[in-house]
1. Tell me which residues, restricted to region 2-18, are modelled with pLDDT of 95 or more and more than 11 Å from residue 77 (Cα to Cα).
2. Can you name the residue in region 29-41 that is open to solvent by 80 Å² or more (accessible area, probe 1.4 Å) and not aromatic (Phe, Trp, Tyr) and is also farthest from residue 75 (Cα to Cα) among such residues?
3. Give me a count of the residues in region 93-102 that are modelled with pLDDT of 95 or more and open to solvent by 40 Å² or more (accessible area, probe 1.4 Å).
4. Which residue out of 84, 41, 74 is modelled with pLDDT of 95 or more and farther than 23 Å from residue 99 by Cα?
Amino acid sequence: WLASAHGTDTARSINIDVATFTAGTHYPDGYLKSGLPLKKVAAGRYGLWSNGDTDPIEGHLFTATKVPAGATVVVGALHWHGAVLVAKLPTAVNAAGQATAKSIRYF
């Protein structure tokens with residue numbers, strides 16, 4: 001899903017609200033998939049962005065992130081600046097969502 005290495009050296013650490021994801025869909029094997037689109041949610045955390053959301057896309061989950069059983073918050077890395085191949089993302093990001101991303105270019 002990464003279109004280039006541009007921005008991969010600037011990924012930043014974030015807290016992810018696990019409740020915004022569905023276990024069987026987004027982490028069936030115990031890991032959140034890299035490339036998931038993320039938005040800001042309550043308490044400075046990040047959660048899953050979905051088509052139809054009015055919140056902007058802040059970036060994409062940079063690497064797969066383990067979700068231990070019972071965890072409500074996990075630490076991950078946000079790819080907030082760079083280029084993304086839309087067809088390779090683990091979930092769809094429509095044109096309206098792409099337009100909300102401040103520092104991501106979609107191809």
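1. Hits for region 2-18 are 17, 18.
2. Step one: filter region 29-41 for residues open to solvent by 80 Å² or more (accessible area, probe 1.4 Å), giving 29, 31, 33, 40.
Next, only the ones that are not aromatic (Phe, Trp, Tyr) stay: 29, 33, 40.
Values: 29: 17, 33: 13, 40: 14 Å.
Of everything passing the filter in region 29-41, 29 is farthest from residue 75 (Cα to Cα).
3. 6
4. Working: 84 fails: farther than 23 Å from residue 99 by Cα; 41 fails: farther than 23 Å from residue 99 by Cα.
It is 74.
Residue by residue, here is whether (1) out of contact with any Lys or Arg (no Cβ under 6 Å at 6 or more places or on another chain); (2) open to solvent by 40 Å² or more (accessible area, probe 1.4 Å) holds:
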{"position": "17", "(1), (2)": "no, no"}
{"position": "48", "(1), (2)": "yes, no"}
{"position": "51", "(1), (2)": "yes, yes"}
{"position": "60", "(1), (2)": "yes, no"}
{"position": "81", "(1), (2)": "yes, yes"}
{"position": "91", "(1), (2)": "yes, no"}
{"position": "106", "(1), (2)": "yes, no"}
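The values are calculated or read from the model by the stated rules, or taken from the named source; none is laboratory data. Predicted model, so just to flag it, every value in this text is computed and none were measured. Reconstructed Cβ throughout: ideal geometry from the backbone, glycine too, with neighbour counts over all protein chains shown. SASA here: full protein model, heavy atoms, side chains in, ligands and nucleic acids out. Shrake-Rupley method; radii C 1.70, N 1.55, O 1.52, S 1.80 Å.
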